[in-house]
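Notes follow the structure.
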Amino acid sequence: MWFELDDETRLLQRTVREFAEAEVAPVAGELDRAKAFPYALVAKMGELGWMGIPFPEEVGGAGGTTLQYTIAVEELTRVDSSVAITMCAHTSLGTQPIYLFGDAEQKQRYLPDLCAGRKLGAFGLTEPEAGSDAGNVRTRARTEDGEWVIDGAKQFITNAGTEISGHVAITARTGEEEISNLIVENGTPGYEQGEAYRKMGWNASDTRPLSFAGCRVPEANLLGPRGSGFRQFLHILDIGRIGVAAMGVGLAQGALDQALGYAKERRAFGRPISKFQTIQAKLADLATEIEAARLLTYKAAVLKDQGANFSLTAAQAKLKTGRLAVRATEEAVQIHGGYGYIEEYPVCRFYRDAKILTIGEGTDEVQQMVISRALGV
């Protein structure tokens, strides 16, 4: 498959790249060290319309495509993964459930603020015993006096505990053989956000556990028909994998950018190390693999935009790009030598940020299951 990006998409790509280099790069290292959420950057991205790229203008979005959103995520991740995952999780996981499964009132109530970045959305699926086994949800919700009463816990949830967090859409068992999705707004009594995790990477993003103890929300906070939650979150995860695949491409490309620049500057044995065949082979292999991974990721985005089945391609893209990001960042650190182990150099942060891409949004092993099933195994 070959295609050229249209002028509008190229303009967005260039604009996001310039923003990432001018606005994000100068502060990314300090945000990572301080574990500080990038409020100012998120506000600017909201003003630019990037927090709602793939949603129609009539609901407050930018009216863009999945491909445009994918490219924006890629360009941000070339510079910083924390900023990118904040936008990625907000769009794919926080906003998509309401856009896809919400009724007219829910869309009117939530989407304008979400698409403008005034509020952040989160998605609560993972639990202590429901990770890869996503159907093993233990959080319970029962109806009582016109309300849902929720008890349970979620973990590893992104964007739920910031000052601008608006809601979390959670999966809950609403019957013995029934899973549904419910909207829980921040500030609801009985809903508590735990302390942020101390993480290996993505230090400037918000990730924390959530708990629900007698948490009451209106019955109208149900997303779609009761009992449709399992099907809903599988579809949301498919969409999310496109975004995470874009992060893998962007992080690998960012690592290559840093390694190439360093190799041209660093001298050993009287010449730049880029003149050594060993270094050239590393750079050539990475450049080739990144281009292949990029095309696979773009294909998944285009299939979604066309209304075609994209589940297999999204899983393949997620599997390929996560592994590539780990390898690319490791090679970038290796090319930097001792300096690659020093926090002053972005590749050190890139290396720490890469590993989660083989875990989040479905582990590599889950992607292999999805792919093998599509093959008829």
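The values are calculated or read from the model by the stated rules, or taken from the named source; none is laboratory data. Given the structure is predicted, the values throughout are model-derived calculations rather than measurements. Quick reminder, even Gly has a Cβ in these numbers, built from the backbone with ideal geometry, and neighbours come from all protein chains shown.
The residue that is nearest to D238 (Cα to Cα), counting only those in region 277-297 that are touching a helix residue (DSSP H, G or I) at 6+ places or on another chain (Cβ under 6 Å) and either of a type outside the set (A, V, I, L, M) or not in a helix (DSSP H, G or I) (or both), is T297. Annotation: R78 fulfils all but one of (1) of a type in the set (K, R); (2) under 17 Å from the mean Cα position of the chain (by Cα); (3) surrounded by fewer than 17 Cβ atoms within 10 Å (Cβ to Cβ); the unmet one is (3).
Reported count of residues in region 131-162, each being part of a strand (DSSP E or B) and either surrounded by fewer than 20 Cβ atoms within 10 Å (Cβ to Cβ) or at positive phi (or both), is 11.
Within region 163-193, being closer than 13 Å to G124 by Cβ, touching a Leu at 6+ places or on another chain (Cβ under 9 Å) and β-branched (V, I, T) holds for V168, I170, T171, I183, V184. Taking each residue of region 199-227 that is farther than 30 Å from D145 by Cβ and of a type outside the set (D, E, K, R) and looking for partners that are at pLDDT 95 or above and assigned to a strand (DSSP E or B) with beta-carbon atoms closer than 8 Å, six or more apart or interchain, yields S205/T158; T207/F156; T207/I157; T207/T158. Residues that are acidic (D, E) and over 18 Å from Y69 (Cα atoms) within region 22-57 comprise E23, E30, D32, listed in sequence order. Exactly one residue out of G338, G307, G360 is over 14 Å from Q258 (Cα atoms), touching a residue at least 24 places away in the same chain (Cβ under 8 Å) and of a type outside the set (S, T, N, Q), and it is G360. So is A72 among the small types (G, A, S) and more than 18 Å from the chain's Cα centre (by Cα) or not? So A72 does not fit the description; no. Taking the criterion of being assigned to a helix (DSSP H, G or I), exposed (fewer than 15 other Cβ atoms within 10 Å of the Cβ), of a type in the set (S, T, N, Q) and under 28 Å from the mean Cα position of the chain (by Cα), would at least one residue in region 230-245 satisfy it? No, the conditions are met nowhere in region 230-245.
Quick check on region 175-229: of everything there that is out of contact with any Phe, Trp or Tyr (no Cβ under 6 Å at 6 or more places or on another chain) and of a type in the set (F, W, Y), which residue is surrounded by the most Cβ atoms within 10 Å (Cβ to Cβ)? It comes out as W202. The set of residues in region 163-174 that are surrounded by 24 or more Cβ atoms within 10 Å (Cβ to Cβ) and among the hydroxyl-bearing types (S, T, Y) contains only T171. Can you tell me which residues in region 304-318 are crowded, with 19+ Cβ neighbours inside 10 Å and assigned to a helix (DSSP H, G or I)? Result: K304, S311, T313, A314, A315, Q316, A317, K318. Screening L120, L111, L100, L93 for residues that are of a type outside the set (G, A, S), more than 30 Å from A259 (Cβ to Cβ) and surrounded by fewer than 22 Cβ atoms within 10 Å (Cβ to Cβ) leaves exactly one candidate, L100. If the condition is being surrounded by fewer than 22 Cβ atoms within 10 Å (Cβ to Cβ) and closer than 14 Å to T91 by Cβ, then region 43-59 contributes L48, G49, P56, V59.
Filtering region 246-293 to residues that are surrounded by fewer than 24 Cβ atoms within 10 Å (Cβ to Cβ) and among the β-branched types (V, I, T) leaves I273, T278, I279, T288, I290. Against the test of being under 16 Å from R140 (Cβ atoms), at pLDDT 95 or above and outside any loop (DSSP other than H, G, I, E, B), the options L210, L251 yield a single qualifying residue, L210. A single entry from T297, T321 fulfils the requirement of being surrounded by 15 or more Cβ atoms within 10 Å (Cβ to Cβ), more than 20 Å from V347 (Cα to Cα) and β-branched (V, I, T): T297. For region 1-106, the helices (runs of 4 or more DSSP H) that sit wholly inside it and include 2 or more residues that are closer than 23 Å to L303 by Cα, touching a residue at least 12 places away in the same chain (Cβ under 8 Å) and not assigned by TED's automatic domain parsing to the domain that holds L357 are 7-19, 66-77, 81-88, 96-101.
If the condition is being under 23 Å from A314 (Cβ atoms) and free of Cβ contacts under 8 Å to residues at least 40 places away in the same chain, then region 251-303 contributes T288, E289, E291, A292, L303. Residue count for region 343-377 satisfying the condition of being surrounded by 12 or more Cβ atoms within 10 Å (Cβ to Cβ) and in a loop (DSSP other than H, G, I, E, B): 6. Whether any residue in region 150-168 is farther than 23 Å from A213 by Cβ, basic (K, R) and free of Cβ contacts under 8 Å to residues at least 60 places away in the same chain is what I want to check. Within region 150-168, none of the residues are farther than 23 Å from A213 by Cβ, basic (K, R) and free of Cβ contacts under 8 Å to residues at least 60 places away in the same chain.
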